[in-house]
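To start, the structure itself, in structure tokens.
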Amino acid sequence: MDTNLTLIAAGIGAVQSMLFAILIIIKKKNKKHDWLLVVWFLVFFIHLSLAISKQFQHFALQDELILNMSFLHGPLFLFYVKSLKQQVLTKLDYIHLLPFLLFLVLSILFLNKLQQVWGMIVLGPKLVSLTAYPLYVLTVVLSKPDPKEVYLQNARWIRAIAFLFLLSTGISILRMVLELSLGIQYFRFWDTTRYVVLVIIIGFFGLRYGTLYQPVSLRHKDAKKYKTSPLREYDIEKVKIDLERIFDMDKPYLNPDFSLEELANLLYIAKHHLSQILNSEMNTNFYNLVNQRRIEHSIEKIKQCTTLGLTIEGIGYECGFSSKSSFFNNFKKIVGLTPGQYIRKISTA
């Protein structure tokens with residue numbers, strides 16, 4: 001009976017995961033955080049599908065993947081929230097995926113030999129991962145909203161997911177205590193059900209909101225302001241493509257005096273039309289866009305600073321910032337670390 005209920009719950013979760021992923025994919029104007037959410041739902045889908053298939057057919061790496069895929073939820077949650085906050089994901093961030101790969105390899109080596117004992121060994125690190133990442137998001141990533149941005153009420157749903165992770169982890173700890181101390185078999189149906197509930201909540205709120213911070217210039221008054229604009233969709237897409245090409249090839253943002261008017265001239269478009277495209281179509285403004293590109297460029301410079309002989313302050317000037325404080329403030333806002341902290345982080349990796 002418990003097995004049948006578990007299969008039904010897992011089936012519902014797998015279908016929901018795939019539906020959420022499809023709904024996000026077909027949504028127009030997907031951003032990086034949307035694609036991260038798609039990847040996250042695909043992880044849920046694969047995890048639940050593997051659990052279902054195990055009841056009917058066994059194949060290589062099936063048990064190892066089922067046991068270790070929970071190591072991906074914490075990193076993907078962190079990546080998603082950082083992307084919502086428009087922070088740059090660096091190559092160093094992907095180190096968070098190493099525990100999954102490490103324990104997957106170890107499981108391939110030891111799972112068949114140790115069976116349930118290995119499952120209990122892996123459970124401890126998994127609980128640490130599922131606790132540490134939500135706590136980090138709550139205490140560090142969401143703790144200091146930028147004063148230049150509007151902190152939306154929708155951020156509450158991110159906190160709700162973090163607390164739900166912690167609640168789920170608490171239930172897992174209770175499960176482990178019951179199995180170890182009383183020797184009773186945990187009801188897999190309830191284990192699967194709380195997992196599916198997590199999928200549904202993430203999907204519902206992720207589709208409904210999908211943003212944490214919004215520049216002041218993007219409030220509803222701008223939607224009304226541009227409602228009757230004569231710009232056509234073709235014009236908008238052409239400007240966006242040309243803008244990316246100019247930024248990638250010419251890097252005009254490295255000029256500290258670079259202005260909205262200069263960018264409009266480069267794109268052969270009226271300044272107010274360019275503001276409309278940046279605000280309404282790209283969900284940013286001129287200064288945020290330029291500073292984002294400058295920080296991305298500074299990250300590349302920092303990685304080369306030992307050969308270029310530049311100081312941190314010098315890198316800021318090289319990347320178009322007119323002052324040290326402006327460089328440090330924007331770096332902290334976008335990356336989540338000061339330049340010095342970032343250098344120490346990559347130097348110890």
Would you mind listing the helices (runs of 4 or more DSSP H) fully within the stretch 282-342 where at least 1 residues are out of contact with any strand residue (DSSP E or B) (no Cβ under 7 Å at 6 or more places or on another chain) and of a type in the set (Asp, Glu)?
286-308, 312-318
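Might you let me know whether the stretch 192-205 holds any residue that is at pLDDT below 80 and assigned by TED's automatic domain parsing to the domain that holds Leu48?
yes
Being surrounded by fewer than 20 Cβ atoms within 10 Å (Cβ to Cβ) and at pLDDT 90 or above is the requirement here; does Val105 meet it?
Details: surrounded by fewer than 20 Cβ atoms within 10 Å (Cβ to Cβ): yes; at pLDDT 90 or above: yes.
When the stated conditions are applied, Val105 passes them.
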Out of everything in the stretch 232-253 that is crowded, with 16+ Cβ neighbours inside 10 Å and either modelled with pLDDT of 90 or more or over 32 Å from the mean Cα position of the chain (by Cα) (or both), what residue ends up being farthest from His297 (Cα to Cα)?
Leu243
If you go through the stretch 321-349, how many residues are without any contact (Cβ under 8 Å) to a residue 24 or more places away in the chain, exposed (fewer than 15 other Cβ atoms within 10 Å of the Cβ) and not polar (S, T, N, Q)?
1
Please state which one of Phe258, Phe247 is in contact (Cβ under 8 Å) with a residue 40 or more places away in the chain, farther than 23 Å from Leu89 by Cα and aromatic (Phe, Trp, Tyr).
Phe258
Checked pairs for the stretch 104-125, first assigned by TED's automatic domain parsing to the domain that holds Phe71, second surrounded by 14 or more Cβ atoms within 10 Å (Cβ to Cβ) and of a type in the set (Asp, Glu), C-beta under 8 Å and 6 or more apart or across chains, list as Leu104/Glu64; Ser107/Asp63; Ser107/Glu64; Ile108/Glu64; Leu111/Asp63; Leu111/Glu64; Met120/Glu179
Check whether at least one residue in the stretch 57-68 is at pLDDT 95 or above and within 23 Å of Ile121 (Cα to Cα), and report yes or no.
no
Consider the stretch 10-57. How many of its residues are within 16 Å of Ser83 (Cβ to Cβ), in contact (Cβ under 8 Å) with a residue 60 or more places away in the chain and part of a helix (DSSP H, G or I)?
6
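The values are calculated or read from the model by the stated rules, or taken from the named source; none is laboratory data. Since this is a predicted model, take the numbers as computed values, not measurements. No Cβ is skipped: glycine too gets one built from the backbone with ideal geometry, and neighbour counts run over all protein chains shown.
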